[in-house]
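The values are calculated or read from the model by the stated rules, or taken from the named source; none is laboratory data. Just so it is clear, the model here is predicted, and its values are computed rather than measured. We place every Cβ from the backbone using ideal geometry, glycine too, and count neighbours over all the protein chains shown.
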Amino acid sequence: MNVLRNIWTIELIWWISAALLAALILFPIHFYKIEFEFYKVNFFYILGLILFVRWIFLWKYTPYAWWIPFKLVVLFLMIPVVFWGITSFYGFKGYLDEVGIQEFVSHLNEADQSSLSVYIRTEMIFFASAFIFSGCCIPLKMIASIWKQYNRNTV
């Protein structure tokens with residue numbers, strides 16, 4: 001019972017750490033009071049990427065690694081999640097093409113404008129593309145984990 005409680009505590013620590021890391025990455029945008037309409041989307045990209053990468057490489061250490069119904073839910077839930085990620089990323093790219101990133105940082109001085117516009121664009125593109133790619137890998141990991149659980153009694 002103590003081991004089960006510890007594994008759920010570790011899972012909670014992972015989630016809190018991921019949220020803190022996402023907030024830390026987005027801190028410059030918040031610090032300069034930038035009206036970034038993709039702030040929540042960007043937060044979910046970062047949080048989802050951390051979660052997905054952890055699931056891909058450390059799945060056997062999660063408390064729900066042996067729950068086949070959970071694996072099936074995650075497997076099918078990844079389809080709308082990845083499509084949401086792609087749609088949101090296209091929305092961001094469309095905004096960059098039509099309005100431009102300078103609209104976000106127009107209230108700052110020139111030095112801060114250039115550095116923050118590069119930062120916002122780069123981190124948004126990195127985390128969005130990594131989120132989408134890792135989200136596509138999760139169903140493969142779930143299928144492999146279900147197969148290993150049935151045939152080899154491992155996850």
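Structure values in brief
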{"quantity": "Segments classed as helices (runs of 4 or more DSSP H), wholly inside the range 1-102, with at least 3 members that are at pLDDT below 95", "calculated": "2-31, 68-98"}
{"quantity": "First in the range 115-139 and closer than 22 Å to residue 103 by Cβ and without any contact (Cβ under 8 Å) to a residue 60 or more places away in the chain, second anywhere and assigned to a helix (DSSP H, G or I) and of a type in the set (Val, Ile, Thr), Cβ under 8 Å, 6 or more apart", "calculated": "117/101; 121/101"}
{"quantity": "Residue within the range 134-151 that is modelled with pLDDT under 95, at positive phi and exposed (fewer than 12 other Cβ atoms within 10 Å of the Cβ) present", "calculated": "no"}
{"quantity": "Positions within the range 62-114 being acidic (Asp, Glu) and either touching a Pro at 6+ places or on another chain (Cβ under 6 Å) or in contact (Cβ under 8 Å) with a residue 24 or more places away in the chain (or both), in sequence order", "calculated": "112"}
{"quantity": "Qualifying residue in the range 14-26 (condition: more than 21 Å from residue 88 (Cβ to Cβ) and surrounded by 15 or more Cβ atoms within 10 Å (Cβ to Cβ))", "calculated": "yes"}
{"quantity": "Any hit, the range 98-119, residues being touching a Lys or Arg at 6+ places or on another chain (Cβ under 6 Å) and within 15 Å of residue 34 (Cβ to Cβ)", "calculated": "yes"}
{"quantity": "Residue within the range 103-119 that is part of a helix (DSSP H, G or I) and within 18 Å of the chain's Cα centre (by Cα) present", "calculated": "yes"}
